[in-house]
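A quick write-up on the structure given underneath.
What follows is calculated from the coordinates using simple rules that are stated; it is not laboratory data. Just so we're clear, the structure is a prediction, and the values are computed from it rather than from any experiment. Don't worry about glycine lacking a Cβ; one is built from the backbone with ideal geometry, like all the others, and counts go over all protein chains shown.
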Amino acid sequence: MEDFAPLIRQEMKQFAELYFKDEKLLYYANLFMERKFTEPMKFGPLTVLHYRLFGGTSPEAAYHAGASIELFILASDILDDLQDQDAPHQPWSQAPLPIALHLATVFMTLSQQALTECGLEAEIVLPVIDMMNKQLLIAANGQMADLGNLATDEASYLSIVQHKSAALLVLACMTGVMLTGREWHAGVAEYAEQLGIAAQIENDRRDLLRWDEKNDFLQRKKTLLTLYLLEDLGERDQWVADYYACRINETEALGMQEEFEQLCERSGTMLYGSAMFSLYFNRFQELLGNIPETAGKIQEIMAIVSGKIANSGIPQ
């Protein structure tokens, strides 16, 4: 399968060089983009692939759109890390806060500009921009609920994910579809949403056992897994509830890593997370196979989703 990421990266850098005339602005833009390029690229490639699958024929439109999506994802990642304050090693966390916020803002603006310069007619591009803005507003509501740590049960957690990370995957796929001149495709939106939920559950599984600033337990975040864990704690495990209620501090909790890992296994929390991931991921695959344009391209989409293409030659 063709790797779309190199050309998307090239477009992102070219747009930055074209519009960022201030030397310091361009320096930080390149610094932040290069850090982002070390991670698997999925959103932009999904946009390019969907554009092709649904009949798009303009390479310029495809890669401008892919760059547009990735520029927004970078801006979103910067803001998310600054808001959560859980990624101190990222260059935007180490840069002066006013500069990091400024770069997030200009990346968002550059994202919109990249799409307007895709070379397609206004009657095609304008509905796509309208769709993008509506999805971003949905994601903004989800992000606000996430910042408030408002999940109380499985249903409320899934609603937050649906309105946050899943909305961005719908945005990426639908941009490719609608740039071919088509209208909103409910089937694509549905499988993209299922994929977004599955991906977030997998992230939660990963972040539950890593014992650093990204650990959801240490951050007292309410995720599908931590809510499950808190549901039925035995007497010897009440320290977990005490930590969430701020009756014990982080220093005390840091010394309980082994006990916490044992609890996650003993309680079935990790098994539950695995089962829930499989539920949504299998649903994504099923829906994917029901759409004529994507049914025969499952392996190509799965390669992007799994990072097999994006990981090639990129240090992690």
Pick from the range 217-240, criterion more than 23 Å from the chain's Cα centre (by Cα) and not in a helix (DSSP H, G or I), ranking: farthest from Leu150 (Cα to Cα): Gly234
So, restricting to helices (runs of 4 or more DSSP H) that lie completely within the range 118-185, which ones have at least 3 residues that are among the hydroxyl-bearing types (Ser, Thr, Tyr)? 154-162
Residue hits (the range 30-49; charged (D, E, K, R) and in a helix (DSSP H, G or I)) are Glu34, Arg35, Lys36
Filter the range 36-57 down to the residues that are among the charged types (D, E, K, R) and within 13 Å of the chain's Cα centre (by Cα), then identify the one that is surrounded by the fewest Cβ atoms within 10 Å (Cβ to Cβ). Glu39
Looking at the range 159-177, which of the residues that are over 18 Å from Leu126 (Cα atoms) and among the small types (Gly, Ala, Ser) is surrounded by the fewest Cβ atoms within 10 Å (Cβ to Cβ)? Ser159
Being among the acidic types (Asp, Glu) and more than 17 Å from the chain's Cα centre (by Cα) is the filter; apply it to the range 197-216 and report the residue that is surrounded by the most Cβ atoms within 10 Å (Cβ to Cβ). Glu213
Where residues in the range 241-296 are over 28 Å from the mean Cα position of the chain (by Cα) and part of a loop (DSSP other than H, G, I, E, B), which of them is nearest to Asn203 (Cα to Cα)? Ser267
Tell me which residues, restricted to the range 14-29, are in a helix (DSSP H, G or I) and surrounded by fewer than 17 Cβ atoms within 10 Å (Cβ to Cβ). Gln14, Glu17, Leu18, Tyr19, Glu23, Lys24, Leu25, Leu26, Tyr27
